[in-house]
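J.: Sharing a structure, written as structure tokens. Questions coming.
The values are calculated or read from the model by the stated rules, or taken from the named source; none is laboratory data. Everything numeric here is computed off the predicted structure, so don't read it as measured data. Backbone-built Cβ (ideal geometry, glycine too); neighbour counts: all protein chains shown. These area figures cover heavy atoms from the full protein model, side chains too; ligands, DNA and RNA do not enter into them. Shrake-Rupley method; radii C 1.70, N 1.55, O 1.52, S 1.80 Å.
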Amino acid sequence: MEYFAHCFFDGWHFLGREIGALHSSLHVDLTRSLPVRVRERQRVARKAFDCVIGPCSEWKSIRLYGTIQKLVAMTNTPALVGPELGADTRWVNGLDMFVYSLVFAIFALSPVPRLLRPVVKYVAWGPNWFLYWRLKRLAYPVVEKDLREHSEREKTQPKPSDKSTTETSLLGTWLAARYRPEDRTADRLAHDFIVTMFESMTTTICTLYFILSELVIRPQLADELRAEIKANLVDGQLPMSHLGELRKMDSFVREATRTNIFSYLTVFRRVLKPVKLSVGPEVPAGAVICVDAYNMVKSQAKWGNPETFDPERFLKLRQQPGHENLHQFTSLDSDMPGWGGGPQACPGRFFASNSIKVFLTHLLLNYDIKLPQGAVKPSVGSMPNGSVMPDYLARIMIRQREES
Ligand code: HEM
């Protein structure tokens with residue numbers, strides 16, 4: 001939060017405060033629950049695609065970013081905060097608006113002289129504060145129910161060792177079980193719902209935007225991925241696992257995020273007390289530090305051919321003896337800047353990987369995609385805070401496959 005408040009022109013106090021219970025709920029409980037949810041997530045993905053894409057036996061033009069945004073909202077929201085908020089258009093649209101107004105605030109404040117920012121920030125961040133307040137109110141009935149159910153369970157199963165949460169529980173149940181009684185409030189849980197949805201939506205949407213931008217120009221790769229999926233289907237459905245079986249898809253997804261980074265910088269921190277790094281001088285308190293993600297993924301020394309898009313790059317690395325479980329999309333490697341690093345590294349990365357694989361499986365088995373006549377690969381731009389911004393207007397063509 002120190003970093004964001006400093007670099008987002010002060011006024012950013014929404015996310016990033018102490019989130020121990022949320023971290024464990026996402027990293028441990030949510031990750032553990034993924035295998036039992038695969039089939040359900042496939043069903044939800046089918047419903048979302050049918051609803052958002054609609055019938056398309058002939059080629060149909062769709063806006064890439066906007067379509068992915070709707071699909072991710074419909075598939076991620078119920079899996080995280082439950083079907084009630086998942087079906088509530090006020091909640092789903094409110095989250096979209098939260099992201100757009102954040103982009104607005106960053107752009108609006110960047111040319112404002114530093115002296116004027118303490119005043120102008122109230123106008124620029126106003127829409128975000130309003131939406132945050134509104135989203136919290138929408139979340140209250142759900143989290144209050146979660147808290148009531150938790151106290152009922154505590155009465156019947158007083159020992160913490162009793163199984164108070166299961167793989168089929170949702171975020172509210174896990175959070176209620178993980179917070180200490182004095183912190184277990186509707187306000188905390190509602191805040192955590194917003195943090196989770198905010199952190200999960202834009203990142204997953206942008207990552208899928210990059211992945212589809214690479215896939216749409218590689219029909220041969222789409223066929224290879226289809227073959228891998230079909231070879232791993234059980235009774236026509238994905239296996240109930242963490243989907244590690246889809247090794248080629250995993251390698252492709254990781255290569256797509258290596259060549260299309262989400263942000264030029266990563267591991268953003270503000271130093272609160274002086275730190276002596278293993279190299280270089282002591283970093284003074286108050287300094288803003290981050291890691292150069294751009295040069296990490298473009299390093300000639302590291303990759304040999306950094307500019308080449310090789311979907312099997314990581315698959316080949318995993319074929320080396322002893323490396324079978326390394327170089328995965330979710331691995332926290334020093335050359336994989338996309339998840340941040342250290343104790344604050346993204347706790348939702350296993351869920352994100354699962355969502356992306358379920359999404360791609362449904363897309364590849366049921367649709368063909370291509371660029372519109374004369375179009376080039378969808379591009380990206382930059383934001384004043386070092387993030388990458390997709391082309392919100394880019395379009396692709398989509399058509400239902402005759403046989404999946
Ligand atoms: C492909 C999708 C995603 C990407 C690229 C991504 C990336 C990141 C990055 C770079 C950070 C900052 C880490 C750091 O400062 O070291 C982060 C933090 C976080 N992410 Fe993700 N994320 C993704 C999906 C998700 C999902 C699906 C969830 C929730 C289910 C999630 C929840 C969080 C949370 C709660 C934090 C804050 C952690 C903290 O401050 O301690 N993320 N993510």
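J.: In the chain, carbon and sulfur make up what percent of the accessible area (probe 1.4 Å)?
T.: 58
J.: For Cα pairs less than 8 Å apart in space and 6+ apart in sequence, what is the mean separation divided by the residue count of segment 303-404, i.e. the relative contact order in percent?
T.: Once divided by the residue count of segment 303-404, the mean separation gives 19 percent.
J.: Right, another one. Keeping all protein chains in place, calculate the accessible area per residue for the chain (probe 1.4 angstrom), answer in Å². Present the calculation step by step, with values, prior to reporting the outcome.
T.: On the way: 19410 Å² over 404 residues.
With all protein chains present, the chain gives 48 Å² per residue.
J.: Right, next: Please identify the helices of the chain, taking whole runs of DSSP H, that span at least 24 Å along their own axis as judged from the Cα atoms and have a mean Kyte-Doolittle score of 1.0 or higher.
T.: Helices passing the filter in the chain: 89-109.
J.: Please report the relative contact order for the chain, taking Cα pairs under 8 Å with a sequence separation of at least 6, and give it as a percent rounded to a whole number.
T.: Relative contact order of the chain: 25 percent.
J.: Right, here's the next one. Add +1 for every Lys or Arg and -1 for every Asp or Glu among the other residues with Cβ under 14 Å from the Cβ of P311, and state the total.
T.: Counting the neighbours of P311, the net charge comes to +1.
J.: Right, next: P(r) tail for segment 105-162, what percent of Cα pairs lie past 20 Å?
T.: I get 56 percent for the Cα pairs in segment 105-162 exceeding 20 Å.
J.: Still on this structure, I have one more. Would you mind counting up the charge near A293? Only other residues with Cβ under 15 Å from its Cβ, with Lys and Arg at +1 and Asp and Glu at -1. Write down the numbers at each step before the final one.
T.: Working: positive: R254, R258, R269, K298, K302; negative: D292, D333, D335.
With Lys, Arg at +1 and Asp, Glu at -1, the neighbours total +2.
J.: For segment 161-236, run through the GluC sites (Glu not before Pro) and keep only the ones in DSSP coil with at most 16 other Cβ atoms within 10 Å of their Cβ. List each step's numbers first, then the result.
T.: On the way: sites: E167, E182, E199, E214, E224, E228; in loops: E167.
Counting only loop positions with at most 16 other Cβ atoms within 10 Å, the GluC sites (Glu not before Pro) in segment 161-236 are E167.
J.: Shape verdict for segment 200-241, please, from the Cα gyration tensor: rounded (a/c under 1.5), prolate (a/b greater than b/c) or oblate.
T.: Here segment 200-241 falls in the oblate category.
J.: Cα centroid distance between segment 306-369 and segment 106-132, in Å?
T.: A separation of 36 Å, based on Cα centres.
J.: Okay, next question. Please give the direction-averaged projected area of the C-alpha convex hull for the chain, in square nanometres with one decimal.
T.: So the Cα hull casts an average projection of 22.7 nm².
J.: Of K248/K357; K70/K121; K298/K357; K47/K70; K70/K357; K302/K370, which sit over 22 Å apart, Cα to Cα?
T.: Correct reply: K70/K121; K298/K357; K302/K370.
J.: Next question. What residue among A105, A394, A87 has the largest mean-square fluctuation in a Gaussian network model of the chain, using Cα springs under 10 Å?
T.: With Cα springs under 10 Å in the chain, the top fluctuation among A105, A394, A87 is at A87.
J.: Run the reach check for K155 against aspartates and glutamates, Cα to Cα strictly under 16 Å, same-chain hits fewer than 8 apart removed. What comes back?
T.: Correct list for K155: D146.
J.: For the chain, what does -39500 (n - 2.57) per DSSP helix run (n ≥ 4), summed and divided by total residues, give at 222 nm, in deg cm²/dmol to the nearest 500?
T.: -17000 deg cm²/dmol
J.: Pick from S353, S61, S151: which residue has the top mean-square fluctuation in a GNM of the chain where Cα pairs under 10 Å get a spring?
T.: Maximum among the listed residues: S151.
J.: May I pose another question? Tally Lys/Arg at +1 and Asp/Glu at -1 over every other residue whose Cβ is under 12 Å from the Cβ of Q237; what's the total?
T.: +3
J.: Right, something else. Can you pull out the GluC sites (Glu not before Pro) in segment 244-353 that DSSP calls coil and that have at most 14 other Cβ atoms within 10 Å? Mind showing how you got there, number by number?
T.: Numbers: sites: E245, E255, E282, E307, E312, E324; in loops: E245, E307, E312, E324.
Qualifying residues, ordered by number: E307, E324.
J.: On to the next question. Highest GNM mean-square fluctuation, the chain, Cα pairs closer than 10 Å: which of R269, R137, R114?
T.: In the Gaussian network model the winner is R114.
J.: I need the shape label for segment 64-109. Rule: rounded when a/c is under 1.5, else prolate if a/b > b/c, else oblate, with a, b, c from the alpha carbon gyration tensor.
T.: Because a/c hits 1.5 or more and a/b exceeds b/c, segment 64-109 counts as prolate.
J.: While we're on this one: Over segment 85-200, what is the mean sequence separation of C-alpha contacts under 8 Å (at least six apart), divided by residue count, expressed as relative contact order in percent?
T.: 28
J.: Using only alpha carbons, build the gyration tensor for segment 130-256 and give me the equivalent ellipsoid semi-axes, biggest first, whole Å.
T.: On the way: eigenvalues 301, 92, 21 Å².
In descending order the semi-axes read 39, 21, 10 Å.
J.: Less than 13 Å apart at the alpha-carbon level, and either on another chain or at least 8 residues along: which aspartates and glutamates does that give for K377?
T.: Here the aspartates and glutamates satisfying the reach criterion relative to K377 are E214, D391.
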